[in-house]
Amino acid sequence: MAGILIGVGVGPGDPEMMTVKAIRTIRENDVIALPGPVAKETTAYLIAVQTVPELAHKTLLSLNFPMVMDRRKQEEYHRAAAKTLEKVLDTGKNVVFLTLGDVTVYSTFSYVQHIVEADGYQIRLVSGVPSFCAAAAALGQPLTEWTQPLHIIPAVHKLDAALDMPGNYVLMKSGTKMEQVKQKLQETGRRVMMVENCGMPDEKRYLSLEDIPDQSGYFSLIIAKEDAPGYET
């Protein structure tokens, strides 16, 4: 029988935020896939190995996903990664694919999951702490209250969005377009905060839109809040 492809979220950056189930899944399997050209240099590996040191001695698969906007090129990389995974699955071994945050939220794993699943292999998912939940906790802020909706969007791809829906916004992957994102947020009148590299040693927190720099890293997450319901400001 073929092995099972298991997507595992390792959380946002703090190794203490890895779930017991994620840790157990890594320990119980010998082949670990990581998204990057060099497995031991990937962020997911550097997080997980602190909690699961035996990860360093497992069979590691490096899956390269270059940052390109061409959808056709992206598909080529995803299919190549899927074939690499399937070769191992065909030997009867499970493969654990580590990804940042939660495995179901804007995860690289999702792309190969669709391909491998369509090819007839079994898939399992192990949830992790989403980055926006960890960032809200770091800021000491509830993401939603009472009946407020929460809108989660990849800011770099949605700069044309009006951000005019009621409720609060989470803008993920904002760093490369920060100046435009800040201008868009200025128009909303919302209270804006940001966490860069949440849970990592170089984490930075910004408590207002004015404090947020025009240049920031890839792992920059913005929370834009309207007034809490039922309270005067």
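Values in this text are rule-based calculations from the coordinates and carry no lab data. Just so we're clear, the structure is a prediction, and the values are computed from it rather than from any experiment. No Cβ is skipped: glycine too gets one built from the backbone with ideal geometry, and neighbour counts run over all protein chains shown.
Mind checking the angle between helix 71-89 and the chain's longest principal axis? C-alpha axes, 0 to 90 degrees, to the nearest 10.
On a 0 to 90 degree scale, this one is about 40.
Ratio of the chain's C-alpha Rg to 2.2 N^0.38 Å, to two decimals?
1.08
Is there a pair in Lys58/Lys173; Lys173/Lys204; Lys21/Lys93; Lys21/Lys87; Lys182/Lys225 whose C-alpha atoms are over 21 Å apart, and which pairs would that be?
Numbers: Lys58/Lys173 31 Å; Lys173/Lys204 15 Å; Lys21/Lys93 19 Å; Lys21/Lys87 26 Å; Lys182/Lys225 14 Å.
Long pairs (Cα-Cα over 21 Å): Lys58/Lys173; Lys21/Lys87.
Taking the Cα-to-Cβ direction at Met1 and at Ser110 and moving 7 Å from each Cα, how far apart do the two end points lie in nm?
2.9 nm
How many angstrom separate the Cα center of the range 61-83 from the Cα center of the range 190-226?
29 Å
Based on the Cβ-Cβ distance from Val38 to Glu75, what FRET efficiency comes out when R0 is 22 Å, to the nearest 0.05? List each step's numbers first, then the result.
Values: r = 23 Å, r/R0 = 1.04.
It comes to 0.45.
Treat each spin label as a single point 7 Å out from the Cα along the C-beta direction, and report the Gln180 to Gln215 distance in nm.
Roughly 1.8 nm, to one decimal.
Please work out how much length the chain gains when fully extended from Val68 to Leu207, using 0.36 nm per residue of separation minus the C-alpha to C-alpha distance, in nm with one decimal. Walk me through the intermediate numbers first.
Numbers: separation 139, 0.36 × 139 = 50.04 nm, distance 3.16 nm.
The Val68-Leu207 span can extend by a further 46.9 nm.
Do you know the relative contact order of the chain, to the nearest whole percent, from alpha carbon pairs under 8 angstrom that are 6+ apart? Can you show the working numbers first?
Working: 459 pairs, mean separation 50.4, N = 233.
Relative contact order comes out at 22 percent.
Tell me, what is the percent relative contact order of the range 131-225, built from C-alpha pairs under 8 Å that lie six or more residues apart?
33 percent
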